[in-house]
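Heads up, the thing below is written out as structure tokens.
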Amino acid sequence: MLSLQACNNTNQSEGKLTDSIDVDKTEVDGLIDTTKIVSENGIEGTVFLEKAAKADLLEIEMGKLARTKAANKSVKEFGALLEKDHTKALSELKLLAQSKGFKLPASVSNTDATHFEEMSKMSSNTFDKYFIEMMVQDHTKDIEFYSGVSKSPDTTISVYANKILPTLQGHLKKATEIADKLK
């Protein structure tokens, strides 16, 4: 669902053109070795900031949808939590991106917008189960990514990743608890 793309990025400090990366996490067996992306290509700002922003935007919009569409009170409350926490994380990410001269995406992708439209047409009970399972999967992937990035040689990125990890872990725990109750 989320992909990392950085093409023909210029390494500002050395004036060199870096290698292109086109990785769709859903098509990779196992985990992306984020330490290699960070250290070998020197584009951790581009890769991390873009992926983190896309994930936050997705979670914010999914939270809004859950607040309005869900039938289950716990799902609605979880949606509100996602919206609040990921809005805060995105605000902090914007400051980090600004310090690195990187412009973050401002909205979800067309693919995600289409997916939201499809989800909004589901019955409330179907939506609840689908949404929570999706949140378990998304947060599992996000935790794997942030855990790898938390070891970045760029201390501003590693500090940010380590700060956000507990929130993501809390979301995963809560989503798993809700999923178990909905079964």
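Can you tell me which residues in the range 127-170 are of a type in the set (S, T, N, Q), modelled with pLDDT under 95 and more than 14 Å from the chain's Cα centre (by Cα)? Working first, answer last.
Residues of the range 127-170 of a type in the set (S, T, N, Q): 137, 140, 147, 150, 152, 155-156, 158, 162, 167, 169.
Still in the list and also modelled with pLDDT under 95: 147, 150, 152, 155-156, 158.
Once the filter is applied, which keeps residues that are of a type in the set (S, T, N, Q), modelled with pLDDT under 95 and more than 14 Å from the chain's Cα centre (by Cα), the range 127-170 yields SER150, SER152, THR155, THR156, SER158.
Can you list residue pairs whose Cβ atoms sit under 9 Å apart, with the first residue in the range 171-183 being within 18 Å of ILE143 (Cα to Cα) and the second being surrounded by 12 or more Cβ atoms within 10 Å (Cβ to Cβ) and of a type in the set (S, T, N, Q)? Count only pairs 6 or more apart in sequence or on different chains.
Between residues of the range 171-183 that are within 18 Å of ILE143 (Cα to Cα) and residues that are surrounded by 12 or more Cβ atoms within 10 Å (Cβ to Cβ) and of a type in the set (S, T, N, Q), the close pairs are LEU172/THR140; LYS174/SER74; GLU177/SER74.
Take ALA80 and decide whether it is over 17 Å from GLU50 (Cβ atoms), touching a residue at least 12 places away in the same chain (Cβ under 8 Å) and not aromatic (Phe, Trp, Tyr).
So ALA80 fits the description; yes.
Out of all the residues in the range 45-68, which are touching a residue at least 60 places away in the same chain (Cβ under 8 Å) and farther than 30 Å from SER99 by Cα?
Within the range 45-68, LEU65, ALA66 qualify.
Given (1) buried (at least 17 other Cβ atoms within 10 Å of the Cβ); (2) within 22 Å of MET62 (Cα to Cα); (3) among the hydrophobic types (A, V, I, L, M, F, W, C), identify the lone condition not met by ILE157.
Failing condition for ILE157: (2).
Would you confirm whether or not the range 96-103 contains a residue that is without any contact (Cβ under 8 Å) to a residue 24 or more places away in the chain and part of a loop (DSSP other than H, G, I, E, B)? Working first, answer last.
So the first thing to find is which residues in the range 96-103 are without any contact (Cβ under 8 Å) to a residue 24 or more places away in the chain, and the list is 98, 103.
Filter again for part of a loop (DSSP other than H, G, I, E, B), leaving 103.
Within the range 96-103, one or more residues are without any contact (Cβ under 8 Å) to a residue 24 or more places away in the chain and part of a loop (DSSP other than H, G, I, E, B).
Quick one: is ALA89 at pLDDT below 95 and assigned to a helix (DSSP H, G or I)? Please lay out each step first, then the result.
On the way: at pLDDT below 95: no; assigned to a helix (DSSP H, G or I): yes.
Considered against the rule, which asks whether it is at pLDDT below 95 and assigned to a helix (DSSP H, G or I), ALA89 comes out as no.
Could you please find all residues in the range 95-119 being polar (S, T, N, Q) and over 15 Å from ILE60 (Cα atoms)?
Residues of the range 95-119 polar (S, T, N, Q): 98-99, 107, 109-111, 114.
Correct list: GLN98, SER99, ASN110, THR111, THR114.
Given the residues GLY170, GLY148, which is the only one that is surrounded by fewer than 19 Cβ atoms within 10 Å (Cβ to Cβ), small (Gly, Ala, Ser) and in a helix (DSSP H, G or I)? Please lay out each step first, then the result.
Working: GLY148 fails: surrounded by fewer than 19 Cβ atoms within 10 Å (Cβ to Cβ).
Of GLY170, GLY148, the one residue that is surrounded by fewer than 19 Cβ atoms within 10 Å (Cβ to Cβ), small (Gly, Ala, Ser) and in a helix (DSSP H, G or I) is GLY170.
The values are calculated or read from the model by the stated rules, or taken from the named source; none is laboratory data. Remember, predicted model here, so these are calculated numbers, not experimental data. Because the Cβ atoms are built from the backbone with ideal geometry, glycine has one as well, and the counts that use them run over all protein chains shown.
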